[in-house]
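See below for the structure under consideration.
The values are calculated or read from the model by the stated rules, or taken from the named source; none is laboratory data. What you see is a predicted model; the values in this text were computed from it and never measured. For neighbour counting, all protein chains shown are included, and Cβ atoms are generated from backbone atoms with ideal geometry for every residue, glycine included. The area values use the complete protein model at the heavy-atom level, side chains included, leaving out ligands, DNA and RNA. Shrake-Rupley method; radii C 1.70, N 1.55, O 1.52, S 1.80 Å.
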Amino acid sequence: MSTQNSVQIALPKGANDQNQNQEPGEDFDYSQRSQWLRAAVLGANDGLVSIASLMMGVGAVKTDVKAMILTGFAGLVAGACSMAIGEFVSVYSQLEIEVAQIKRETEMIETGQDEEKNKKENLPNPLSAAMASGLAFSLGAVVPLLAAAFIGDHKVRLAAIITAVSLALLVFGWVGAVLGKASVIKNCARALIGGWMAMAITFGMTKLISSTGMKI
(Lines give C-alpha, C1' and ligand atoms only; values in the text may rest on other atoms or scores of the structure.)
Protein backbone atom coordinates (compact mmCIF):
# COMPACT_ATOMS: atom_id res chain seq x y z
CA MET A 1 0.00 0.00 0.00
CA SER A 2 1.56 3.28 -1.13
CA THR A 3 1.40 6.49 0.85
CA GLN A 4 1.42 10.04 -0.40
CA ASN A 5 3.57 12.65 1.25
CA SER A 6 1.87 16.02 1.53
CA VAL A 7 3.67 19.24 2.28
CA GLN A 8 1.79 21.86 4.21
CA ILE A 9 2.99 25.45 4.39
CA ALA A 10 1.87 27.37 7.44
CA LEU A 11 0.82 30.89 6.71
CA PRO A 12 1.11 33.62 9.34
CA LYS A 13 -2.03 34.03 11.40
CA GLY A 14 -4.35 36.55 9.83
CA ALA A 15 -2.63 36.49 6.42
CA ASN A 16 -5.63 34.90 4.70
CA ASP A 17 -7.97 37.40 6.26
CA GLN A 18 -5.82 40.29 5.13
CA ASN A 19 -5.68 39.02 1.57
CA GLN A 20 -9.43 38.39 1.48
CA ASN A 21 -10.35 41.73 2.99
CA GLN A 22 -7.96 43.80 0.88
CA GLU A 23 -9.77 45.86 -1.69
CA PRO A 24 -8.24 46.60 -5.10
CA GLY A 25 -8.11 50.31 -4.35
CA GLU A 26 -6.39 49.91 -0.96
CA ASP A 27 -2.93 49.75 -2.52
CA PHE A 28 -3.18 53.36 -3.65
CA ASP A 29 0.06 55.15 -2.96
CA TYR A 30 -0.90 58.28 -1.04
CA SER A 31 2.63 59.61 -1.47
CA GLN A 32 1.59 60.47 -5.04
CA ARG A 33 -0.43 63.29 -3.54
CA SER A 34 2.54 64.65 -1.60
CA GLN A 35 3.63 67.26 -4.14
CA TRP A 36 0.40 69.23 -4.59
CA LEU A 37 -0.88 68.43 -1.10
CA ARG A 38 2.26 69.79 0.51
CA ALA A 39 2.13 72.97 -1.58
CA ALA A 40 -1.58 73.54 -0.98
CA VAL A 41 -1.63 72.82 2.77
CA LEU A 42 1.59 74.73 3.40
CA GLY A 43 0.36 77.68 1.35
CA ALA A 44 -3.04 77.84 3.05
CA ASN A 45 -1.63 77.57 6.56
CA ASP A 46 1.12 80.05 5.82
CA GLY A 47 -1.32 82.57 4.37
CA LEU A 48 -3.73 82.15 7.26
CA VAL A 49 -1.18 82.33 10.07
CA SER A 50 1.18 84.93 8.63
CA ILE A 51 -1.50 87.43 7.62
CA ALA A 52 -3.45 86.93 10.84
CA SER A 53 -0.26 87.41 12.86
CA LEU A 54 0.61 90.49 10.83
CA MET A 55 -2.81 91.99 11.46
CA MET A 56 -2.63 91.10 15.15
CA GLY A 57 0.73 92.86 15.34
CA VAL A 58 -0.73 95.99 13.80
CA GLY A 59 -3.74 95.70 16.09
CA ALA A 60 -1.45 95.63 19.11
CA VAL A 61 -0.47 99.28 18.52
CA LYS A 62 -3.18 100.72 16.26
CA THR A 63 -6.95 100.69 16.57
CA ASP A 64 -7.57 101.94 13.03
CA VAL A 65 -9.29 99.24 10.96
CA LYS A 66 -8.00 100.79 7.72
CA ALA A 67 -4.37 100.34 8.75
CA MET A 68 -5.02 96.73 9.68
CA ILE A 69 -6.80 95.89 6.42
CA LEU A 70 -4.20 97.61 4.24
CA THR A 71 -1.39 95.83 6.07
CA GLY A 72 -3.12 92.50 5.68
CA PHE A 73 -3.84 93.04 1.99
CA ALA A 74 -0.23 94.05 1.29
CA GLY A 75 0.92 90.94 3.11
CA LEU A 76 -1.50 88.80 1.09
CA VAL A 77 -0.17 90.00 -2.27
CA ALA A 78 3.48 89.88 -1.24
CA GLY A 79 3.14 86.49 0.44
CA ALA A 80 1.24 84.86 -2.42
CA CYS A 81 3.85 86.03 -4.93
CA SER A 82 6.67 84.88 -2.67
CA MET A 83 5.12 81.47 -2.09
CA ALA A 84 4.39 80.91 -5.78
CA ILE A 85 7.86 81.96 -6.94
CA GLY A 86 9.60 80.01 -4.19
CA GLU A 87 7.59 76.87 -4.93
CA PHE A 88 8.23 77.19 -8.67
CA VAL A 89 12.00 77.53 -8.19
CA SER A 90 12.11 74.66 -5.71
CA VAL A 91 10.04 72.21 -7.77
CA TYR A 92 11.78 73.20 -11.01
CA SER A 93 15.12 72.34 -9.42
CA GLN A 94 13.67 68.98 -8.40
CA LEU A 95 12.40 68.46 -11.94
CA GLU A 96 15.83 69.09 -13.44
CA ILE A 97 17.42 66.60 -11.04
CA GLU A 98 14.88 63.88 -11.86
CA VAL A 99 15.13 64.47 -15.63
CA ALA A 100 18.90 64.18 -15.43
CA GLN A 101 18.54 60.94 -13.46
CA ILE A 102 16.20 59.48 -16.10
CA LYS A 103 18.70 60.34 -18.84
CA ARG A 104 21.51 58.63 -16.95
CA GLU A 105 19.40 55.52 -16.43
CA THR A 106 18.40 55.31 -20.09
CA GLU A 107 22.04 55.63 -21.15
CA MET A 108 23.20 52.87 -18.82
CA ILE A 109 20.43 50.35 -19.48
CA GLU A 110 18.01 49.70 -22.29
CA THR A 111 14.53 50.64 -21.17
CA GLY A 112 11.31 50.36 -23.09
CA GLN A 113 9.46 53.40 -24.31
CA ASP A 114 6.50 52.66 -22.03
CA GLU A 115 8.68 52.61 -18.93
CA GLU A 116 10.40 55.85 -19.88
CA LYS A 117 7.05 57.46 -20.64
CA ASN A 118 5.68 56.45 -17.24
CA LYS A 119 8.68 57.98 -15.50
CA LYS A 120 8.24 61.26 -17.34
CA GLU A 121 4.53 61.36 -16.53
CA ASN A 122 5.35 61.13 -12.82
CA LEU A 123 7.72 64.09 -12.90
CA PRO A 124 6.76 67.11 -10.77
CA ASN A 125 5.07 70.07 -12.42
CA PRO A 126 6.62 73.37 -11.22
CA LEU A 127 3.83 75.54 -12.63
CA SER A 128 1.09 73.49 -10.95
CA ALA A 129 2.93 73.56 -7.63
CA ALA A 130 3.45 77.34 -7.89
CA MET A 131 -0.20 78.00 -8.73
CA ALA A 132 -1.42 75.71 -5.93
CA SER A 133 0.88 77.37 -3.40
CA GLY A 134 0.02 80.95 -4.40
CA LEU A 135 -3.72 80.28 -4.59
CA ALA A 136 -3.77 78.41 -1.29
CA PHE A 137 -1.86 81.24 0.41
CA SER A 138 -4.39 83.76 -0.90
CA LEU A 139 -7.35 81.68 0.25
CA GLY A 140 -5.86 81.36 3.71
CA ALA A 141 -5.04 85.07 3.92
CA VAL A 142 -8.59 86.09 3.00
CA VAL A 143 -9.96 84.59 6.24
CA PRO A 144 -8.53 87.16 8.72
CA LEU A 145 -9.16 89.99 6.25
CA LEU A 146 -12.85 89.17 6.00
CA ALA A 147 -13.09 88.65 9.76
CA ALA A 148 -11.79 92.17 10.43
CA ALA A 149 -13.25 94.09 7.51
CA PHE A 150 -16.73 94.80 8.88
CA ILE A 151 -16.08 95.21 12.61
CA GLY A 152 -15.54 98.67 14.01
CA ASP A 153 -14.76 97.92 17.66
CA HIS A 154 -11.05 97.22 18.11
CA LYS A 155 -11.26 94.50 20.76
CA VAL A 156 -14.14 92.73 19.06
CA ARG A 157 -12.19 92.84 15.79
CA LEU A 158 -9.17 91.14 17.37
CA ALA A 159 -11.42 88.50 18.93
CA ALA A 160 -13.12 87.91 15.57
CA ILE A 161 -9.75 87.40 13.86
CA ILE A 162 -8.64 84.87 16.48
CA THR A 163 -11.94 82.98 16.26
CA ALA A 164 -12.05 82.89 12.46
CA VAL A 165 -8.42 81.87 12.17
CA SER A 166 -8.83 79.11 14.78
CA LEU A 167 -11.78 77.62 12.92
CA ALA A 168 -9.93 77.84 9.60
CA LEU A 169 -6.86 76.17 11.07
CA LEU A 170 -9.01 73.28 12.26
CA VAL A 171 -10.58 72.96 8.80
CA PHE A 172 -7.22 73.06 7.02
CA GLY A 173 -5.78 70.55 9.47
CA TRP A 174 -8.73 68.23 8.95
CA VAL A 175 -8.56 68.46 5.14
CA GLY A 176 -4.83 67.80 5.11
CA ALA A 177 -5.20 64.80 7.40
CA VAL A 178 -8.05 63.28 5.37
CA LEU A 179 -6.32 63.70 2.02
CA GLY A 180 -3.01 62.42 3.35
CA LYS A 181 -4.53 59.62 5.47
CA ALA A 182 -2.91 61.03 8.62
CA SER A 183 -4.17 61.47 12.17
CA VAL A 184 -6.93 64.10 12.20
CA ILE A 185 -6.53 64.98 15.88
CA LYS A 186 -2.76 65.38 15.73
CA ASN A 187 -2.87 67.33 12.49
CA CYS A 188 -5.54 69.73 13.76
CA ALA A 189 -3.78 70.17 17.11
CA ARG A 190 -0.46 71.02 15.46
CA ALA A 191 -2.07 73.55 13.14
CA LEU A 192 -4.12 75.19 15.90
CA ILE A 193 -1.37 75.44 18.50
CA GLY A 194 1.13 76.67 15.93
CA GLY A 195 -1.25 79.38 14.73
CA TRP A 196 -2.00 80.55 18.28
CA MET A 197 1.70 80.74 19.09
CA ALA A 198 2.47 82.77 15.97
CA MET A 199 -0.29 85.29 16.65
CA ALA A 200 0.57 85.58 20.34
CA ILE A 201 4.29 86.08 19.74
CA THR A 202 3.69 88.69 17.02
CA PHE A 203 1.17 90.56 19.15
CA GLY A 204 3.39 90.46 22.24
CA MET A 205 6.61 91.47 20.48
CA THR A 206 4.92 94.38 18.70
CA LYS A 207 3.33 95.53 21.94
CA LEU A 208 6.71 95.32 23.67
CA ILE A 209 8.46 97.41 21.04
CA SER A 210 5.67 99.96 21.19
CA SER A 211 5.95 100.21 24.98
CA THR A 212 9.61 101.17 24.74
CA GLY A 213 8.59 104.61 23.50
CA MET A 214 9.26 104.07 19.80
CA LYS A 215 6.95 106.25 17.73
CA ILE A 216 4.80 104.22 15.32
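So, R0 is 22 Å and r is the distance between the beta-carbons of Ala149 and Thr212; what FRET efficiency does that work out to, to 0.05?
0.10
Between Thr63 and Asn125, what's the calculated FRET efficiency when r is the beta-carbon distance and R0 is 45 Å? Round to 0.05. Before the final figure, lay out the partial values.
Values: r = 45 Å, r/R0 = 1.01.
Rounded to the nearest 0.05, the efficiency is 0.50.
At 1.4 Å probe size, put Leu127, Leu48, Leu95 in order of accessible surface, largest to smallest.
Sorted by accessible area, descending: Leu127, Leu95, Leu48.
Just the accessible area for Cys188, please: 1.4 Å probe, Å², rounded to the nearest 10?
It works out to around 20 Å².
Would you mind calculating the gained length between Ala159 and Val99 on full extension (0.36 nm times residue separation, minus the Cα-Cα distance), in nm to one decimal?
Result for the pair: 16.6 nm of gain on full extension.
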